[in-house]
1. Could you go through region 31-41 and let me know if any residue there is hydrophobic (A, V, I, L, M, F, W, C), out of contact with any Phe, Trp or Tyr (no Cβ under 7 Å at 6 or more places or on another chain) and modelled with pLDDT under 90.
2. Taking the residues in region 39-90 that are open to solvent by less than 20 Å² (accessible area, probe 1.4 Å) and outside any helix (DSSP H, G or I) as candidates, determine which candidate is farthest from D23 (Cα to Cα).
Amino acid sequence: MKFTKKDIQNEFDKKSKKVTMEDINKIFQKRKEIEDKFSGNGPLGKFWSELKLLYELVNDYRKGVYREIPWKSITFIVGTLIYVLTPIDLIPDFIAVFGLSDDAAVVALCLKVINEDLQTYKQWKNKY
């Protein structure tokens, strides 16, 4: 099955527009399950350090410690993590080798879209 960058962008936009504070809480309740998908040498493994940083950012946002990020960037992060959590997506996760490749593409796209906000957060975090 082949998917395009446009397919990924459409799915990404669809998920991120529906993000609520309940969804933010959900990604923290399901953190272990999400982390398990990122562990190891699979397509998501290369994003392990970014995953930890994304969780720190969203956690600082939800606690009100860091608010220097647009809500849209928060929704991109949460939408991405919900996408990774969902086993049935563009390429179902149970399909060997390829099942997490769309998830990795969505994560890469998220990191690209929020890169400036993520860099600003890193700088802020390094000060404290």
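The values are calculated or read from the model by the stated rules, or taken from the named source; none is laboratory data. Nothing here was measured: the structure is a model prediction, and the numbers come from that model. Every residue, glycine as well, gets a Cβ built from its backbone with ideal geometry; the counts of neighbours run over all protein chains shown. When the accessible area is computed, the model is the full protein with side chains, heavy atoms only, and any ligands, DNA or RNA have been set aside. Shrake-Rupley method; radii C 1.70, N 1.55, O 1.52, S 1.80 Å.
1. For region 31-41, residues hydrophobic (A, V, I, L, M, F, W, C), out of contact with any Phe, Trp or Tyr (no Cβ under 7 Å at 6 or more places or on another chain) and modelled with pLDDT under 90: absent.
2. The qualifying residue farthest from D23 (Cα to Cα) is L44.
Results for (1) hydrophobic (A, V, I, L, M, F, W, C); (2) modelled with pLDDT of 90 or more; (3) in contact with a Pro (Cβ under 8 Å, 6 or more places away or on another chain), shown as yes or no for each residue.
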site	(1), (2), (3)
Y61	no, yes, no
V84	yes, no, no
L109	yes, no, no
W124	yes, yes, no
